[in-house]
1. Within the range 160-201, can you find the residues that are open to solvent by less than 10 Å² (accessible area, probe 1.4 Å) and of a type in the set (S, T, N, Q)?
2. Given the conditions (1) aromatic (Phe, Trp, Tyr); (2) open to solvent by 40 Å² or more (accessible area, probe 1.4 Å); (3) over 22 Å from TRP269 (Cβ atoms), which single one is not true for TRP153?
3. For the range 610-630, name all the residues that are closer than 21 Å to ILE114 by Cβ and part of a strand (DSSP E or B).
4. Select from the range 88-119 the residues that are under 31 Å from the mean Cα position of the chain (by Cα), of a type in the set (Gly, Ala, Ser) and open to solvent by 50 Å² or more (accessible area, probe 1.4 Å) and list them in ascending order.
5. Could you pull out the residue among THR106, THR173, THR165, THR101 that is modelled with pLDDT of 95 or more and more than 30 Å from ILE214 (Cβ to Cβ)?
6. Would you please name the residue that is surrounded by the most Cβ atoms within 10 Å (Cβ to Cβ), looking only at residues in the range 57-87 that are farther than 19 Å from SER620 by Cα and within 42 Å of the chain's Cα centre (by Cα)?
7. Farther than 29 Å from GLY611 by Cα, under 25 Å from the mean Cα position of the chain (by Cα) and open to solvent by less than 40 Å² (accessible area, probe 1.4 Å), is that true of VAL410?
8. Contact list please: Cβ distance under 8 Å, first residue in the range 377-404 and closer than 20 Å to ALA350 by Cα, second residue open to solvent by 50 Å² or more (accessible area, probe 1.4 Å) and of a type in the set (Phe, Trp, Tyr), pairs at least six apart or on different chains.
Amino acid sequence: MTLHPGRLSLLLAASLAGCLDPNDGTDGSPGSGAADVTPTAVFLPVAGRVTIAALPESPFTLRTGDARVVRVEGDTLVGVAPGSTRVEALLPAGKRSIAVTVERGTSPLGARVIDEGLSDTSLLGVWCADLLTIFAVGSGGVILVSHDAGSTWQRMDSAVQADLTAVWGLSATDVYAVGARGALIHYDGQAWRRVQVPSVDPLLGIWGLDATHIYAVGTSTALRFDGSTWRLMPGTGNAELWSVWGTHPDTLFAAGQNGVILKWDGASWRAMSSPTQLLLLGLWGLSASEVYAAGIRGTLLRYDGTAWRPVKIPSQADFFAIAGTGRNNIMLAGNSGAVVSFNGTAWTQAPQTASYENFRDIAFDPAGTARVVGWAGTVVERGPNGWRSLLGAPVLLAATLGDDGAVWTVGSGSAVFRWKGAAVDRVPVPVRRDLYGVTTTADGSLVAVGDSGTVVSRSHGEWSLEFPPTTVLIRSVWADRSDPDAVFAVGDKGTILQRRGGLWKPHQSPTTVFLRHVFGLSPRDVFAVGDSGVVLHFEGGDWTRMATPTTERLRGIWGTGLTDLIAVGANGTVIRFDGRRWYRLAVETEKELRAVIGTGPTDIYIAGQDGAMFRFDGASVVALPIVTAPAYLLGLAQGPGGSLIAVGTNRTQIQLSR
């Protein structure tokens, strides 16, 4: 945090005054067990007002030490002019002292969107109509289309709200998509329209031979289209079918739940002997005697015209799709960006780094370029020049200002972005985990933390993995910019870690709750917050638990000093520490608040659910205009030039500045 010299002197004056205040018990200090007041440290803008309360409730009188700085109106203090003073609270039990700092005050920071995605929905199906036209479908009825081979994308009106799980077509003006609640829609080049079908069961896959032989499968359902009417196909029983493929109207295959594989013989679906009971999600083949089925836990089966047999592949990922252009070009795609390919001789893991999101479908265009879609609006491409990202909107969870002046953000699917100037670039990292926190250390390196004990650092342009003594989710990391050994991380099961001399060591934690954020004022004043209203404090020795007035989940903490800390969390929770105790601040929301940061004690920002943002000026918490919705803002960080950065869902990055 950077403070102007004048503001720093005011803060130091208030802090020193608090240290020098006698409060030896004879004036009714907390140590005497007598009544007290709250707050005991106040930062106000000029004309700002804060109400003082007695604890427990009792009559009292306020007396200002300098009416030129702050005046008293009953139980309320009103900022008059910049400066510092003390206010005495006269209670039946004695005097209490309140440190007051009044600042000139500023207007709220303005906001602008730096970057955001087209859609953060999970894309579940993709189909290439030709060399230029690509359709992708997903959750909530989302349909995206590109008319320039993936360079740009637009949203289409799908006419349904149901999740769409698969898409297939005959041309760019004759496309079908299926989904939940029996949704089947058709695009004729002008608009998507719902098609009536004789089923309301979920439809999970669609594929066809030609305009009069199109097939859709789903839960206990299989349908066929003869060019004019959709009809039920007998023989599916209770099978949950995820995919369909074939070579002839009388030779079709379907696969799905519990390793079920059915074959259509022209009259009915009939069960085939399957060597697995694991879920099968993808089907593709070259002929009636060379068909492949892919599924979870690295499952791949091959049918040779006589029997289905397992195929050993170098991955245990859950695979959702299989497709190819020939025997020497077959591809599987699945969770955490897993891709396995066959070149006609061997199955190998593809070294792609375009995305580590969970992949859900594959489609090849007529030239053999593959498009793969997945979670967080992800579309990646494998073409003649290798892998590249075409589209994506990962959840961004944290940010940090690097020594290079760039803002670095991290998020789901190993997402790392670098923003400087006009460019927002995705940066590949050597890990396939969600990343939840990032910080800049004293030596200028970046440290990011994430799922399953993941720690990855970047120094001198190179990324490297680090190995902390834990496999739990690490949720947050903070580093002191002056001490290379003051790097702290917290996470699940009360985990607290510190990196010293390049090695991570665990701290003894006084809690087992999920710790969700860590922040420090110095290497010997570090705070962590988490579930059940937990706030922990580290002063160089043991971590201790602080008493708080809430049991809500706390998500973020920030402050300017030991008499000015703010923590935020679930159900609109905002609490402040005044040097003696945590107390609640009134805020008119029940939204989940995820992050807090500021430029000073009278300019503090809070962000959270549905893009909500609030400002605390030392006197009150006030809602600010929503800049982007429905983005969930999940992290706040310092930005370049004294600005602040907010990040969240849909790849959202917002800059707050004056």
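1. Hits for the range 160-201: nothing passes.
2. All conditions are met except number (2).
3. MET613, PHE614, ARG615, LEU624 - these are the residues of the range 610-630 that are closer than 21 Å to ILE114 by Cβ and part of a strand (DSSP E or B).
4. SER107
5. Every option except THR101 fails the conditions.
6. Residue satisfying both the conditions and the ranking: SER84.
7. no
8. The qualifying pairs are VAL380/TRP387; GLU381/TRP387.
The values are calculated or read from the model by the stated rules, or taken from the named source; none is laboratory data. Predicted model, so just to flag it, every value in this text is computed and none were measured. Glycine also receives a Cβ, built like all others from the backbone with ideal geometry; neighbour counts cover every protein chain displayed. Keep in mind that these areas ignore ligands, DNA and RNA; they rest on the heavy atoms of the full protein, side chains included. Shrake-Rupley method; radii C 1.70, N 1.55, O 1.52, S 1.80 Å.
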